[in-house]
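These notes concern the structure reproduced below.
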Amino acid sequence: MTDELAAILRDDLRLPAASLTPEASLDTAGFDSLALVELSVLLGDRYGIDVTDAEIKNAATLKDLDLLIQHKRDER
């Protein structure tokens with residue numbers, strides 16, 4: 001997981017830093033339905049990418065989420 005994603009999760013979404021490991025599931029990391037929507041909006045605002053809350057929810061781990069974001073950024 002990139003430091004950039006970790007910073008967004010920790011600083012913007014206020015998820016607990018101790019739970020932000022690449023292998024952590026979204027539930028383990030502290031995601032709830034509001035965090036899914038907030039992350040989707042943040043990614044659109046910061047990077048101009050469209051990542052739906054459903055796509056985020058389907059990521060099995062934070063590493064998978066990071067790969068999804070990187071893929072979306074590369075597609076731009």
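The values are calculated or read from the model by the stated rules, or taken from the named source; none is laboratory data. Computed from a predicted structure; not experimentally measured. Glycine gets a Cβ as well: all are built from the backbone with ideal geometry, and neighbour counts include every protein chain shown. Areas reflect the complete protein model, heavy atoms only, side chains present, ligands, DNA and RNA absent. Shrake-Rupley method; radii C 1.70, N 1.55, O 1.52, S 1.80 Å.
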- Output the qualifying pairs, or none if there are none: Cβ atoms under 7 angstrom, residues six or more apart or on different chains, first residue in the stretch 33-50 and over 16 Å from Arg10 (Cα atoms) and among the small types (Gly, Ala, Ser), second residue outside any helix (DSSP H, G or I) and open to solvent by 60 Å² or more (accessible area, probe 1.4 Å). Gly44/Asp50; Gly48/Arg76
- Note on the structure: Restricted to the stretch 25-41 and to residues being farther than 18 Å from Lys63 by Cα and among the aliphatic types (A, V, I, L, M), the residue farthest from the chain's Cα centre (by Cα) is Leu34
- Item | helices (runs of 4 or more DSSP H) completely within the stretch 1-57 that count 1 or more residues being of a type in the set (Ser, Thr, Tyr) | 26-29, 33-47
- Message: Can you tell me which condition Lys57 does not meet? The list is (1) in contact (Cβ under 8 Å) with a residue 24 or more places away in the chain; (2) surrounded by fewer than 12 Cβ atoms within 10 Å (Cβ to Cβ), and all the others hold.
- Response: (2)
- Message: Go through (1) open to solvent by less than 40 Å² (accessible area, probe 1.4 Å); (2) part of a loop (DSSP other than H, G, I, E, B); (3) not charged (D, E, K, R) for Leu68 and report which single condition fails.
- Response: (2)
- Is it fair to say Leu5 is surrounded by fewer than 12 Cβ atoms within 10 Å (Cβ to Cβ) and of a type in the set (A, V, I, L, M)? no
- Report whether or not Ser33 is polar (S, T, N, Q) and exposed (fewer than 15 other Cβ atoms within 10 Å of the Cβ). yes
